[in-house]
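The values are calculated or read from the model by the stated rules, or taken from the named source; none is laboratory data. Since we're looking at a predicted model, the values are computed, not measured. Note that each Cβ is placed from the backbone with ideal geometry, even for glycine, and that neighbours are counted across all protein chains shown. With ligands, DNA and RNA removed, areas are computed over all heavy atoms of the protein, side chains included. Shrake-Rupley method; radii C 1.70, N 1.55, O 1.52, S 1.80 Å.
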Amino acid sequence: MHYRPYRSALYIPGSKPRALEKARDLPVDVILFDLEDAVTPDAKIDARVTLTTALAGEDSYAPRMRVVRINGLDTAWGADDAKAISAMNCDAVLLPKVASPAHVDTFANLMPDTPLWAMMETPEGILNAASIAAHPQIAGLVMGTNDLAKDLTTRRRAALTTALQMSVLAARAAGVVVLDGVYNAFKDEDGLRAECQEGRDLGFDGKTLIHPAQVEIANAAFAPTQAELDLARRQIDAFAQAEAAGQGVAVVDGRIVENLHIQSARATLAKAAAIATLETS
């Protein structure tokens with residue numbers, strides 16, 4: 001069983017060579033190289049060239065996952081961004097403001113062999129989350145909570161709960177990655193920690209970040225705890241003993257343990273192993 005960690009996904013402007021260079025040493029699982037929101041209109045063409053150069057080479061930024069967010073096709077830069085992807089050594093492309101599977105198709109036609117991730121940041125996109133996630137070229141969903149909150153005219157994250165849950169459900173049904181939105185107050189460690197824990201409890205694989213200072217908290221929040229690892233091992237051992245005795249269930253800490261719990265326990269251990277491998281690479 002193989003798992004790739006997605007605990008932390010940091011946005012890096014494609015227009016800033018210094019930030020791109022620093023990102024090579026950050027303990028982040030995913031780098032979201034941004035050509036869209038983080039780049040001003042007058043810098044977008046140069047940013048595309050800068051990022052193409054930074055991503056040159058097979059091992060560039062390894063073992064971190066490399067995802068490039070391009071501009072929309074309704075802008076002056078989107079089509080050229082999509083065409084430039086073939087020259088970039090990236091693992092996936094993040095599409096802005098995805099509203100429907102047909103919207104994904106317009107990008108997929110330009111990048112037919114590239115895994116695509118979808119920004120879930122509009123009401124229409126949320127209502128179509130299941131069909132977007134099921135698109136054959138979609139490999140991940142990313143919450144755009146700032147844009148979504150703007151469109152919903154809300155100031156409270158609690159008002160986004162339905163959208164967050166719908167996106168997690170869609171991702172799980174399709175078997176793709178799903179990442180929570182950013183936490184804007186990057187100096188508020190307690191707030192970030194609480195929101196990461198909430199995202200983990202909702203079922204997200206990790207959190208998108210806007211500052212390197214947020215990486216450590218996100219990595220800890222979305223990794224299995226020592227208590228969870230200990231419980232997983234004890235569940236597996238107890239269930240193996242029960243099976244050897246011809247029984248279909250075991251009891252650990254006064255709770256029934258069935259095969260479905262063992263699947264979760266093995267997934268927990270596999271995730272911890274993948275994280276350990278990534279951190280020692």
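For region 185-199, the set of residues classified as farther than 16 Å from ARG156 by Cβ and in contact with a strand residue (DSSP E or B) (Cβ under 9 Å, 6 or more places away or on another chain) consists of PHE186, LEU192, CYS196, listed by residue number.
If the condition is being outside any strand (DSSP E or B) and either modelled with pLDDT of 95 or more or buried (at least 16 other Cβ atoms within 10 Å of the Cβ) (or both), then region 242-252 contributes only ALA242.
Residues being at negative phi and either in contact with a helix residue (DSSP H, G or I) (Cβ under 8 Å, 6 or more places away or on another chain) or without any contact (Cβ under 8 Å) to a residue 24 or more places away in the chain (or both): count how many of those fall in region 87-102. Talk me through it step by step, then tell me what you get.
Of all residues in region 87-102, those at negative phi come to 87-96, 98-102.
In the following step, the residues that additionally are either in contact with a helix residue (DSSP H, G or I) (Cβ under 8 Å, 6 or more places away or on another chain) or without any contact (Cβ under 8 Å) to a residue 24 or more places away in the chain (or both) were identified as 87-88, 93, 95, 98-102.
Qualifying residue count, region 87-102: 9.
Of the numbered criteria (1) under 20 Å from the mean Cα position of the chain (by Cα); (2) modelled with pLDDT under 95; (3) open to solvent by 60 Å² or more (accessible area, probe 1.4 Å), the one LYS97 fails is (2).
The criterion of at least 3 residues that are touching a Cys at 6+ places or on another chain (Cβ under 9 Å) and crowded, with 20+ Cβ neighbours inside 10 Å is met by the following helices (runs of 4 or more DSSP H) wholly inside region 135-236: 215-221. Screening ARG7 with (1) in contact with a Pro (Cβ under 9 Å, 6 or more places away or on another chain); (2) in contact (Cβ under 8 Å) with a residue 60 or more places away in the chain gives one miss only, at (1). Note on region 10-38: among residues that are open to solvent by 10 Å² or more (accessible area, probe 1.4 Å) and in contact (Cβ under 8 Å) with a residue 60 or more places away in the chain, the one that is nearest to ALA223 (Cα to Cα) is PRO27. Name the residues in region 253-281 that are open to solvent by 90 Å² or more (accessible area, probe 1.4 Å), assigned to a helix (DSSP H, G or I), of a type in the set (S, T, N, Q) and closer than 18 Å to ARG7 by Cβ, would you? Passing the criteria: only THR280. Considering only residues in region 113-130 that are modelled with pLDDT of 95 or more and over 18 Å from LEU160 (Cβ atoms), the one that is most open to solvent (accessible area, probe 1.4 Å) turns out to be PRO115.
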